[in-house]
Every structure is written in structure tokens, then in C-alpha cells.
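Structure, as C-alpha cells:
The values are calculated or read from the model by the stated rules, or taken from the named source; none is laboratory data. Because the structure is predicted, anything quoted here is derived from the model rather than measured. A quick note on method: Cβ atoms are made from the backbone with ideal geometry, for glycine too, and the neighbour counts reach across all protein chains shown.
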Amino acid sequence: MKQITRALEAIGDTIILMVRSFGYLGSIPRQWHRLIEQCYLIGYTTFPIVSILSFFIGSVLALQTGYSLQGFGAESFIGAVVGLSMARELGPVMVAILVAGRVGSAITAELASMKVYQEVDALKTMNIPPERILVLPRLLAILIMMPVLTIIGNVIGWFGGAVIAQYVPFIGTDMDAYFQSLRASVAFKDIFDGLVKAEVFGFCVILIACNIGLKTKGGPREIGHSVTRAVVVSLILILVLDYFVTKALL
Amino acid sequence: MNTTMQSVRVGLFFILGVALIWVIFEALGNKSIFKEPGYTLVAAFTDVKDLKAGDEVRMAGVKIGAVSSTRLKGRTAEVVLEIVPHVKVASDSVASIAMAGLLGNHYLSLTLGSEEADFLSDGGRLQSQKTSDLNDVLAQIGSIGDKIETMMEDLSSSLGGISGGGEGGLFSKLDKLVDENSENLSQTIENLRTITDKIATGEGTIGKLVNDGGAYDDLVAAVQEIKTAASQASKLTDDASDIFAQIKSGNGALGTLIYDDDIAQQIQLTTTNLRELSEKLNSNQGTLGKLINDDSLYLEAKSVIGKANRTLDGLGDQGPISAVGVAAQALF
């Protein structure tokens, strides 16, 4: 019972935080530099790890598909399989998980320490709502950066698959055939659905990270707990939401 | 870090992302992000096979919409199609379920229909046509296989005995026939060989015919003669037909004989007379009759001749005087 109450409380807090934050949307022009800074931290600095991960995800996907399909002589479908998997599922989910691990944890840690060391209270004392300068720029930044990260991840993943399809001897599909198959199967709607999913995941991850960070109570030990909790909740939520968002978009 | 530098990097990064999205949007042919609301059509089939919601609807191979649902209605299965708004479907367009690939995915194929036909509106019903899919083809191949099997069984039972078994098989019958008649057969073959040997060595008629060049010449000559005879015969028949024609036309003696009634009557009269004459002759009537039937005349004549003989002998002895005397005696 207590667990359920706490879960409901967390959901309510998160929604209230979101609503309050967007209530300060008019203040964005005045804190443009904060938005840019968050974009830089969330997007630009995450780009290398997204690239590496996507490349290998695409490669492994092509390798596994090629290995499985070689028994049917259907290697020409690798392009379609990798293209659709990356665009619809793996691209958004992997980027969201990376964001949860790399950015979400950092945000929780930062806000939790600000809370624990009463910086947030100081802001409130100065009549500066923490939602306005701490949460809103991050939420907007993730909304701006998530599609960019996802599309880059998709393209790099496709390219990784193409490299594997061409250079692994038992697959031996050339890049032209691979991309032909990919183009024939992937519609722009698939990409768009993937971007919508990524947007939803990213937004939820950052919102949860901010909420858990700002709700941290106690000392430095609680900072660690909050980070762990934020990451775990984010990961679970990404996978749960994945099902519902995918179903809604079909 | 310099704030300006940070902004530049974020800006570049963002532009990169947007550019990528745009490039992909251009590169992928299918540019619809949201489904265009179209109009629906219904096609009824006896079997919709593997067709399911989301499968393509193609007219003459061009995608014009998608299957929105399949449902059962009474004894038919109905397919509800959603067609894009700018494509008009003719009312005589025929729907059929076609296979998109060997993996078993299907699409609904529509024909163009005729130009003068009206267009179907929302909720319109399409004509449908049953198409045979892989299963039907396989079933047909199966039935063909069965027929071939039956045929081969018949053949093998009629040829039974190839492997020594099967009473009444063709081969076993042949086998039996050969076994039973082997002596006769070998005798026949022996005879045949003798005959062919003779022919080869030029013995006998056929042998000579085969080996002797002269026989051929004779044959040719014989044929030539037969030819000549035949031509003569034909000439003869021509002549005969001429004669018959003459007879028919009543010319000549025969013609008159056959076709002239007077002659016939005369002949009849003549034969009657002849019969009467012969009857008289037979019945000792008249001089001739008596001459023929009565021996007394003959005997008298014989004695007269005998007397004359003797008289002549006596005359011979008397010489010329006697001769005069005889003559006088005869005269007086």
C-alpha cells in the first residue's frame, strides 16, 4: 500500500513538475544561453557514444540477420531488416537508454546535490523557481536534441549494417543491393515513428531525472541513491513506454 | 568553454540532424508521414487467403491504398479497402488477390476497368475474381502425380513379369509362349535361314530373281508384252464397242437380225419349215424320207450296181464290138 502511494506520489510530482516547467515557457528567450548549454551537454557530448553504439548495433543486426537468413538464401532482406529495426525500434530505444545512462544520471546527480546542499532552497528564497532555470531548459534541450541524436544513430547504424553486409564473406551483399532493399522497405513514416518514440523516451527520462533529483532528501548518500533510482526508473519506463507508443503509432 | 563556441557546435549539430532527416525524407520514396484519409471500397471473396489489414492495394501494379480490414459477411469474406482520395476506381474494375512474393505475402490487385465506366464512390462494391494461388497449383500438381502413378501402375502390371513375378503379365505370357514353342521357333528360324541362304546363293526362283540380272530383263520384257497386249485388248474393246454401237443402231446384218421384226418372223417361219422337213424326213414321207429311212432302195441300188459291174466286166472281154453292143443294148 505504501509502495503504491509512493509510486502514485512520484507520478503526480512528475506531472506537476512538467506543468510548472512549461508554465515558464515565456522565460526561454531570457535564458537562451542555458538552453544552448543544455543542448550542448545533452546532444553534442552524447553524439560520440551514440555513433559508436549505433554503428555496432547496426553491424550486429546485419551479422545476425545475415547468419539467420543465409539458410534461406534471403540475404537481400538484410537491408530491409536492419533498416526497419534501426528506424522503428533500436535507434530510439538505444539512444534513450544512452541518454538515461549518460545525461539522466548526470542531471539527477547535479540537481540532487543542489537540493542536498540547499542551493535549490536558496533559489526559492530568491524567488527564482527551480523549474524555470533548472528543469525547463533541460526539457526543451532534450526535445530539440533527441531527434537529431536518433536520426544520426539510425544513419550510422544503417551504415554499420551495410559495411558488415558487404565485407563479411558469408553474407556478401553489396552496398547498392543493401540500400536498395532498405529503401524499398523503409518508409518515411517508419523514421518519423522512431523520432516520435525517441522524443517521448527522452522527455520522460529527463523529466524523471529532474524530478528525482529535486525530490532528494538527506545527505550525500541520498545523491547516489537518487541517481540509481533515476536510471532504473528511466530504463523501465523506456521499455514499458516503448510497447505502448509503438502500439499507438502502428 | 566559450559560450559562442558552444552555441556554434550546438547549432551545427542541430542543423546536421535536420539535414539528415530531410535527406532521408527525400531519399525514401514514400513521403507520407500521416495516412491520407481516403474513401473505402468493399470487395467480396470466397477466400481472402492471407490478406490482412495493412496489405497494399494496387491498381495495375501502382499502390493506391491499403486493406483496412477483412471480415466475414454471410457466406462471403469481405475486404474493406481504403483508397487514396485522388485515385478513382472504375465500377467495372475487378479485384483479385495476388501474391507479392514467395514468402506468402499478398496484395489486392485491381484492374484499370474501362474508360467509359462510372467511378465507384465511398462504400462502393468491387467485382472480384478468384485467383489460384500456390496451394491450388500444388494441389493440381498432386492430382497429376496421382494420375501418373495410376498410369505407371497399370503399365507395370501389364508388363508384369519383368522381374519374374506376376502371372498373366505381358512379359510372363511372352516368356511362356517362347518356352512352349521354342522347338518350333528354332525350326522356323532354321527354315528361314535355309531360304535366305538359297536366295543369297541364287538358288530357286526368288534367288534367281534376286541375283540374276537376266530375270529382271525377262520380267521387264514380260511386263512390256503385257502392256502391248493390254493396249491391243483396249483397241479390241474399242472396236467391239463400235460394232455394238452399229448393231444397236440397226445397221449391218447382225443389227438387222436383232432389231428387225420381219427378219425375226422370217427366221421363225424358216425354222418351222425346217422342222416340218426334218419331221417328214424322219417319218419316211417323201422321196428323201424314204431315201434316208428305207433300206430297200439302198439294197436295190446295190444289186443294180452289182449287175452293172458284171456287165461291164463282160464287155471288157468282147472289146469294142461289145462296147457297141452294150451301148445298143442300153439304148434299146
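One residue stands out in the stretch A:138-150 among those that are touching a residue at least 60 places away in the same chain (Cβ under 8 Å) and facing chain B (nearest Cβ under 8 Å): the one that is surrounded by the most Cβ atoms within 10 Å (Cβ to Cβ), namely A:Leu149.
Scan the stretch B:212-224 for residues that are at pLDDT below 85 and within 39 Å of the chain's Cα centre (by Cα) and the total you get is 2.
Looking at the stretch A:151-167, which of its residues are farther than 14 Å from A:Ala198 by Cβ and either over 19 Å from the mean Cα position of the chain (by Cα) or at the interface with another protein chain (Cβ under 8 Å from one of its Cβ atoms) (or both)?
Once the filter is applied, which keeps residues that are farther than 14 Å from A:Ala198 by Cβ and either over 19 Å from the mean Cα position of the chain (by Cα) or at the interface with another protein chain (Cβ under 8 Å from one of its Cβ atoms) (or both), the stretch A:151-167 yields A:Phe159, A:Gly160, A:Gly161, A:Ala162, A:Val163, A:Ile164, A:Ala165, A:Gln166, A:Tyr167.
Taking the stated definitions as given, is B:Gly54 in contact with a strand residue (DSSP E or B) (Cβ under 7 Å, 6 or more places away or on another chain) and within 14 Å of chain A (Cβ to nearest Cβ)? Criteria met by B:Gly54. Considering the conditions (1) at pLDDT below 85; (2) more than 8 Å from every other protein chain (Cβ to nearest Cβ), B:Ile15 is excluded by exactly one of them, (1). Considering the stretch A:34-70 alone, what residues qualify as being within 14 Å of another protein chain (Cβ to nearest Cβ) and more than 25 Å from the chain's Cα centre (by Cα)? Once the filter is applied, which keeps residues that are within 14 Å of another protein chain (Cβ to nearest Cβ) and more than 25 Å from the chain's Cα centre (by Cα), the stretch A:34-70 yields only A:Leu69.
On the stretch given as the stretch A:72-91, residues that are surrounded by fewer than 22 Cβ atoms within 10 Å (Cβ to Cβ) and of a type in the set (A, V, I, L, M) total 4.
Screening the stretch A:186-233 for residues that are without any contact (Cβ under 8 Å) to a residue 40 or more places away in the chain, within 14 Å of chain B (Cβ to nearest Cβ) and part of a helix (DSSP H, G or I) and picking the one that is farthest from A:Glu9 (Cα to Cα) gives A:Phe188. Look at (1) polar (S, T, N, Q); (2) crowded, with 20+ Cβ neighbours inside 10 Å; (3) within 14 Å of another protein chain (Cβ to nearest Cβ) and you find that A:Gln31 fails only one, number (2).
Restricting the stretch A:145-188 to residues that are in contact with a Leu (Cβ under 7 Å, 6 or more places away or on another chain) and among the aromatic types (Phe, Trp, Tyr) leaves a set whose member that is nearest to A:Ile42 (Cα to Cα) is A:Trp158.
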